[in-house]
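Step one of this worksheet: look at the structure below.
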Amino acid sequence: MKKLLLASAASLAAGSAFAGGHAEEIKLGVILGFTGPIESLTPSMADGAELAMKEVTDSGLLLGGAKVVPVRGDSTCIDAAAATAVAERQITSDGVKGIVGADCSGVTGAILSNVAVPNGMVMISPSATSPALSSDADEGLFFRTAPSDARQGVVMAEVLLEQGISSVAVTYTNNDYGKGLADSFAAAYESMGGTITINTAHEDGKADYSAEVGALASAGGDRLVVAGYVDQGGAGIIRASLDSGAFDTFHFPDGMIGQALQDNFGDEIEGSSGQHPGTDSDGAAKFVEMVGGAFDASSPFTPESYDAAALILLAMAAAGSSDPADYKSKVEMVAHRVSQSFRVNWPKPFKSWRMAATSITSAQQRSSW
């Protein structure tokens, strides 16, 4: 069973649970797609994870004053071989004691099965949302701080129908993330009375998406759902749709939300909608306060990246050890205690989603519980 953990940006230095012990240098891997289809999102995600590490180091409270050192690695988001090679190097050469990541679902699953499980390494992903990860054999080593797309699909359906959008065309990036999300959304939307005119994959990395957009336009629909990547094929689909007049409003799941969307399209996509994970908890507000203006605290999966690193370090503190074999069993306990300390009553499997209900430029908080 996969675990979903939301630490809600708890302040690590404020706790008193850090166990005593000898000082050491603890390396944590940060494996994200610094190149590839979500490269505009990952700098803030890495900054979020590394903020938690700095906070712990500065506090001097972890394992007798341990120094936490990030080791960045590029998952590419889409190249499983490259991602597994990075993880293998971090474990065998760099000596990391835990991994924040990976980001995209396909490479996360590859690292988990090929590297993390064989090496007994704890992984906490801030953004791998494929429902398929919920059934992978993980030996108690894999967790995530973002909800499964099994839920995101339901939220998408609710938002669109509340806006009066009763028929949509769907295009999704042809991988684990895109297919899982599209299937989840289709099942939810149709069960609620919506009509999907077409549900088809697109490949990333193409220079021309006119053929794909032509098929989508022929099928029709009140809006085009683009379950893709903001720095790759999803952007190409939008541009081809706008240039041809096929669609002028869109719905954007989490992989499409980011500053690059606004930078590339501006008011051309006015009236579009979307969502990405988030909460309105005390911890989330604390995180924004802590970040100040150092980086974009509201960027998708950035708070979840902080949470992922925080949970690993708090679990080490609870176990009195940086050995994954010792602290893996403490991760869920720590997450529960942190949520209680902020008086957050987390429903299962997770609490809420942040979404822009009427315009991608005016995000609002929404809880569907």
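Looking for whichever is under 30 Å from residue 252 (Cβ atoms) and either touching a Leu at 6+ places or on another chain (Cβ under 6 Å) or not assigned by TED's automatic domain parsing to the domain that holds residue 298 (or both) here; the options are 35, 76, 42. Which one fits? When all the criteria are applied, what remains is 42. Exactly one residue out of 186, 207, 182, 169 is farther than 17 Å from residue 251 by Cβ and hydrophobic (A, V, I, L, M, F, W, C), and it is 207. Residues in the range 81-107 that are in contact with a helix residue (DSSP H, G or I) (Cβ under 6 Å, 6 or more places away or on another chain) and surrounded by fewer than 19 Cβ atoms within 10 Å (Cβ to Cβ): 88 only.
Kindly indicate whether residue 108 is of a type in the set (S, T, N, Q), in the same structural domain as residue 45 (by TED's automatic domain parsing) and in a helix (DSSP H, G or I). Answer is yes for this residue. Only a single item in (1) over 30 Å from residue 43 (Cα atoms); (2) touching a Lys or Arg at 6+ places or on another chain (Cβ under 6 Å) is not met by residue 249, and it is number (1).
Residues in the range 198-223 that are part of a loop (DSSP other than H, G, I, E, B) and within 18 Å of residue 183 (Cα to Cα): 203, 221.
Residues in the range 140-191 that are part of a loop (DSSP other than H, G, I, E, B), touching an Asp or Glu at 6+ places or on another chain (Cβ under 9 Å), crowded, with 20+ Cβ neighbours inside 10 Å and not β-branched (Val, Ile, Thr): 146, 175. Residues in the range 108-126 that are in contact (Cβ under 8 Å) with a residue 40 or more places away in the chain and in contact with a Ser or Thr (Cβ under 8 Å, 6 or more places away or on another chain) were compared, and the one that is surrounded by the fewest Cβ atoms within 10 Å (Cβ to Cβ) is 109. When 283, 266, 234 are checked against the criterion of being in contact with a Gly (Cβ under 9 Å, 6 or more places away or on another chain), of a type outside the set (D, E, K, R) and assigned to a helix (DSSP H, G or I), a single residue qualifies: 234.
Restricting attention to the range 236-267, the residues being of a type in the set (Ser, Thr, Tyr) and either surrounded by fewer than 24 Cβ atoms within 10 Å (Cβ to Cβ) or under 21 Å from residue 153 (Cα atoms) (or both) number 2. Of 295, 287, 252, all but one fail to be in contact with a helix residue (DSSP H, G or I) (Cβ under 6 Å, 6 or more places away or on another chain) and at pLDDT 95 or above; the exception is 295.
The values are calculated or read from the model by the stated rules, or taken from the named source; none is laboratory data. Quantities reported herein were computed from a predicted structural model and do not represent experimental measurements. Because the Cβ atoms are built from the backbone with ideal geometry, glycine has one as well, and the counts that use them run over all protein chains shown.
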